[in-house]
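J.: This structure is in structure tokens; I'll ask about it shortly.
Values in this text are rule-based calculations from the coordinates and carry no lab data. A quick note: this is a predicted structure, and the numbers were derived from the prediction, not measured. Here the Cβ is made from the backbone with ideal geometry for all residues, glycine too, and neighbour counts use every protein chain on show.
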Amino acid sequence: MIQDLLEAFKKGDISQEEAYEKIVKILYEQGEDFLLDLHRHKRTGFPEVIFGQGKTMEQIISIAGSFLDTGGRAIISIADETVQAALSQAFPEALMKRAGNLVCLKKGDVPREDLGTVGVITAGTADTPYAKECTLLLEEIGAQVIKAFDFGVSGMHRPFLGIKQTHDADVLIIFAGMDGILPTMMASLTDKPIIAVPTPIGYGFKGQGETALMTMLQSCVPGLLVLNIGNSVGAAAAAVRILLSIKRHRDEPVG
């Protein structure tokens with residue numbers, strides 16, 4: 001569409017100002033207190049996610065409505081039960097999927113690209129809400145997900161079983177709280193890219209994810225990718241970038 005506008009401008013069919021205004025409308029939509037990045041998914045492979053924290057209910061509903069109208073889908077993170085109920089009431093015609101504090105709203109058929117496969121692993125059952133948020137995002141965008149929940153190091157055999165269960169994945173995302181050692185251990189057992197996500201699961205001193213984060217940052221296994229505490233959205237985005245890179249390489253013609 002942008003190419004068509006540039007060609008029209010080149011031929012003199014539209015003015016520079018008209019071309020600029022039309023291109024801006026393709027890329028962005030401006031509201032009273034927001035500017036939607038409509039081109040982000042095409043540009044980066046990952047859609048804009050509405051960050052629910054700090055926004056009023058009216059702002060969340062308004063932004064979600066704009067995304068639904070322009071692209072047929074709205075994704076909201078850090079959306080508690082009150083926000084989820086308000087979204088359900090505001091958009092009764094939309095299909096709503098929920099996982100933890102993540103919500104995906106859809107109208108109609110939103111095309112999805114077959115990206116590849118991600119293994120989503122948790123150290124404990126308490127880490128699964130974050131893993132399920134990540135899983136919902138990945139599946140919504142077009143990745144296949146192999147889940148392996150509760151494969152932590154309190155039973156030394158379990159990480160090996162988790163690696164085996166996710167053998168067909170292109171990239172692994174590992175969620176772990178408490179001591180946060182699972183990503184390091186698994187990174188020593190496989191050549192797959194590993195994205196480590198500390199979760200705020202634990203107790204006592206530095207038990208809200210700080211210890212897990214520090215353990216992962218101090219990993220003795222080179223190449224472990226570490227995100228911030230509870231960052232399920234960032235983990236999905238990182239995995240998608242890796243999958244897209246792999247896919248481009250696979251799709252390149254030989255010779």
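J.: Based on the Cβ-Cβ distance of D109 and F205, what FRET efficiency does E = 1/(1 + (r/R0)^6) give at R0 = 45 Å, to the nearest 0.05?
T.: Calculated transfer efficiency: 0.35.
J.: Using only the Cα atoms of segment 75-123, build the gyration tensor, take square roots of its eigenvalues as a ≥ b ≥ c, and label the shape rounded, prolate or oblate: rounded if a/c is under 1.5, else prolate if a/b is larger than b/c, else oblate.
T.: Since a/c reaches 1.5 but b/c is at least a/b, the shape of segment 75-123 is classed as oblate.
J.: Sort 103-111, 214-222 by packing, meaning the average of other beta carbons within 10 Å per residue, with the highest value first.
T.: 103-111, 214-222
J.: Here's something else I'd like to know. Return the calculated 222 nm mean residue ellipticity for the chain, to the nearest 500 deg cm²/dmol, obtained by summing -39500 (n - 2.57) across DSSP H runs with n ≥ 4 and dividing by the residue count.
T.: One gets -12500 deg cm²/dmol as the mean residue ellipticity at 222 nm.
J.: Please work out whether segment 78-209 counts as rounded, prolate or oblate from its C-alpha gyration tensor, where a ≥ b ≥ c are the square roots of the eigenvalues and a/c under 1.5 means rounded, while otherwise a/b larger than b/c means prolate and anything else oblate?
T.: Since a/c reaches 1.5 but b/c is at least a/b, the shape of segment 78-209 is classed as oblate.
J.: Here's a follow-up. Using label points projected 7 Å from each Cα along Cα→Cβ, tell me how many nm separate N228 and H249, to one decimal.
T.: According to this spin-label approximation, the distance is 3.0 nm.
J.: Sticking with this one: Long-range amide H contacts for V118: which residues qualify at under 5 Å (H placed 1.01 Å from N, peptide plane, sequence gap of 5 or more or a different chain)?
T.: HN-HN under 5 Å from V118: Q144, V145, I146, D170.
J.: Which residue, E140, E48, E93, tops the fluctuation ranking in a GNM of the chain built on C-alpha contacts under 10 Å?
T.: Of E140, E48, E93, the Gaussian network model singles out E93 as fluctuating most.
J.: While we're here: If we count other beta carbons within 10 Å of each Cβ, what is the order of K55, K192, fewest first?
T.: K192, K55
J.: With the cut-off at 1.5 for a/c, could you classify segment 164-255 from its C-alpha gyration tensor as rounded, prolate or oblate?
T.: Note, shape of segment 164-255 comes out prolate.
J.: If you plug each phi of segment 147-161 into the Karplus form 6.51 cos²θ - 1.76 cosθ + 1.60 with θ = phi - 60°, what whole-Hz ³J(HN,Hα) values come out, in order, with x for Gly and Pro?
T.: With the stated coefficients, segment 147-161 comes to 9, 9, 9, 6, 10, x, 7, 5, x, 4, 7, 5, x, 5, 5 Hz.
J.: Rounded to whole Hz and in sequence order, give me ³J(HN,Hα) for segment 179-188 from the Karplus expression 6.51 cos²θ - 1.76 cosθ + 1.60, θ = phi - 60°, writing x for Gly and Pro.
T.: 7, x, 7, 4, x, 4, 4, 5, 5, 7
J.: Report which label in (1) 17.0, 52; (2) 20.0, 62; (3) 20.7, 70 holds the value of Rg and Dmax of the Cα atoms in Å derived from the coordinates of this structure.
T.: So the structure-derived entry is (3).
J.: Between Q16 and L189, what length comes free when the chain is fully extended (0.36 nm per residue of separation minus the Cα-Cα distance, one decimal in nm)?
T.: So the extension gain works out to 56.6 nm.
J.: Could you run the Karplus curve 6.51 cos²θ - 1.76 cosθ + 1.60 with θ = phi - 60° over segment 102-109 and give me ³J(HN,Hα) per residue in whole Hz, x for Gly and Pro?
T.: 10, 10, 10, 10, 9, 10, x, 9
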